[in-house]
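Below is one structure; the comments refer to it alone.
The values are calculated or read from the model by the stated rules, or taken from the named source; none is laboratory data. Model, not experiment: these values are computed from the prediction. Don't worry about glycine lacking a Cβ; one is built from the backbone with ideal geometry, like all the others, and counts go over all protein chains shown. What goes into the accessible areas is simple: the full protein's heavy atoms, side chains included, and nothing from ligands, DNA or RNA. Shrake-Rupley method; radii C 1.70, N 1.55, O 1.52, S 1.80 Å.
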Amino acid sequence: GRAKSLPEGICFFSHELTPPGVEQLPLESALRSALEHGQLRLHYQPQVSLADGSLYGVEALARWRHDELGDISPVRFIPLAEQCGLIDELGRWSLSEGCRQLAAWRRAGLDVPSLSINLSPSNFHDPGLPGVILQTLTGSGLLPSDLTLEITESVLLYTSSNTLKVLQEVRGLGVRLSLDDFGTGFSSLSHLQRLPIQEIKLDRSFVSDLEQDATSRTLSKAVAGLSDNLNLTAVAEGIETWEQYRILRGLGYRVAQGYLFSRPLPGDELAHWLTLPRQGFSAGRAVADCCSPE
Ligand code: C2E
Ligand code: MG
Ligand code: MG
Ligand code: MG
């Protein structure tokens with residue numbers, strides 16, 4: 001437990017304060033050191049165009065392997081980075097590492113059309129973000145149109161109007177913005193109007209229920225229709241079966257990603273995946289053959 005002194009000199013003891021205080025500090029400094037020493041990695045998951053199975057882009061997902069604790073999920077270390085003031089640094093790292101990799105693939109002759117990077121809502125509190133993005137793109141010889149930034153709806157919660165300004169400036173550079181995990185937040189529809197986005201990603205919880213649950217199909221269909229009307233690209237995430245693929249294509253989704261195509265892979269393995277005969281561009285044909293239009 002941790003004893004805390006109040007200004008009045010009264011001392012109290014709280015069990016509630018103990019666990020985060022004790023457990024989080026070592027992890028926090030480990031994350032700080034991992035960032036400093038380049039021990040974080042990005043893995044990349046292909047995004048496939050449903051019309052012809054061609055590669056639409058890749059999404060970068062952060063990975064951290066701790067010496068003693070093993071792999072720590074981003075679901076855990078991203079919030080930690082937010083809490084301990086490391087999120088700006090982590091965001092800059094993801095951007096530069098992702099752009100470096102995309103440029104390297106292209107130099108190697110691989111046609112990777114675009115790169116999606118996840119940023120935290122708090123990254124958009126930073127008025128310096130647009131400048132960092134522009135610098136990173138220029139430094140790696142990429143165009144703004146090569147980059148998509150994925151954000152969640154909560155980008156507009158608990159934030160100042162500055163956030164919207166940063167989003168608009170980023171969009172003004174020509175970078176695409178994608179609304180991630182769509183359908184899990186609230187007041188989604190009003191956010192759609194306020195955010196300068198070009199893409200919506202249907203949350204994978206809807207996709208995993210598609211085969212069994214008529215309501216999920218109805219909602220997924222509504223999101224596809226909405227995207228179409230607003231001129232946004234509808235992307236479905238977490239596709240694991242051909243049946244989900246078939247249903248989503250029928251509902252009007254343009255792009256999908258999920259274990260059906262590939263798990264997130266290290267950069268060199270993604271490069272190899274692209275050359276496999278039944279995947280990537282030529283896989284496209286295999287994919288299209290497998291699911292004839294309904
Ligand atoms: P997300 O951006 O919605 O990413 C999709 C998550 O679903 C990833 O989990 C991915 O590995 C997983 N996934 C992909 N296909 C399938 C599938 O077919 N089935 C299932 N069950 N899962 C699938 P991951 O890599 O653990 O990332 C979790 C979340 O952490 C991401 O959700 C994103 O919000 C956040 N994240 C990851 N990397 C970064 C980063 O560099 N920066 C920030 N700010 N957030 C990140
Ligand atoms: Mg994402
Ligand atoms: Mg998502
Ligand atoms: Mg998610």
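So the values come out like this:
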{"item": "Members of the stretch 198-210 that are in contact with a strand residue (DSSP E or B) (Cβ under 7 Å, 6 or more places away or on another chain), of a type outside the set (Asp, Glu) and within 14 Å of ligand 3 (Cβ to nearest atom)", "result": "200, 201, 202, 204, 207"}
{"item": "Selection count where residues are within 15 Å of ligand 3 (Cβ to nearest atom) and either open to solvent by 20 Å² or more (accessible area, probe 1.4 Å) or among the aliphatic types (A, V, I, L, M) (or both), scope the stretch 163-187", "result": "6"}
{"item": "Filter result (polar (S, T, N, Q) and either part of a helix (DSSP H, G or I) or open to solvent by 30 Å² or more (accessible area, probe 1.4 Å) (or both)) within the stretch 95-127", "result": "96, 101, 118, 122, 123"}
{"item": "Test for residue 70: is it farther than 24 Å from residue 236 by Cβ, more than 14 Å from ligand 2 (Cβ to nearest atom) and open to solvent by 30 Å² or more (accessible area, probe 1.4 Å)", "result": "no"}
{"item": "The stretch 128-162: number of residues that are modelled with pLDDT under 95 and open to solvent by 30 Å² or more (accessible area, probe 1.4 Å)", "result": "8"}
{"item": "Residues (modelled with pLDDT of 85 or more and more than 16 Å from ligand 2 (Cβ to nearest atom)) located in the stretch 171-195", "result": "171, 172, 173, 174"}
{"item": "Residue selected from the stretch 234-280 under the condition hydroxyl-bearing (Ser, Thr, Tyr) and surrounded by 19 or more Cβ atoms within 10 Å (Cβ to Cβ), by the criterion farthest from the chain's Cα centre (by Cα)", "result": "245"}
{"item": "Pair list, Cβ under 6 Å, 6 or more apart: the stretch 197-214 residue without any contact (Cβ under 8 Å) to a residue 24 or more places away in the chain and of a type in the set (Asp, Glu), other residue away from ligand 3 (no atom under 13 Å from the Cβ) and not in a loop (DSSP other than H, G, I, E, B)", "result": "209/216"}
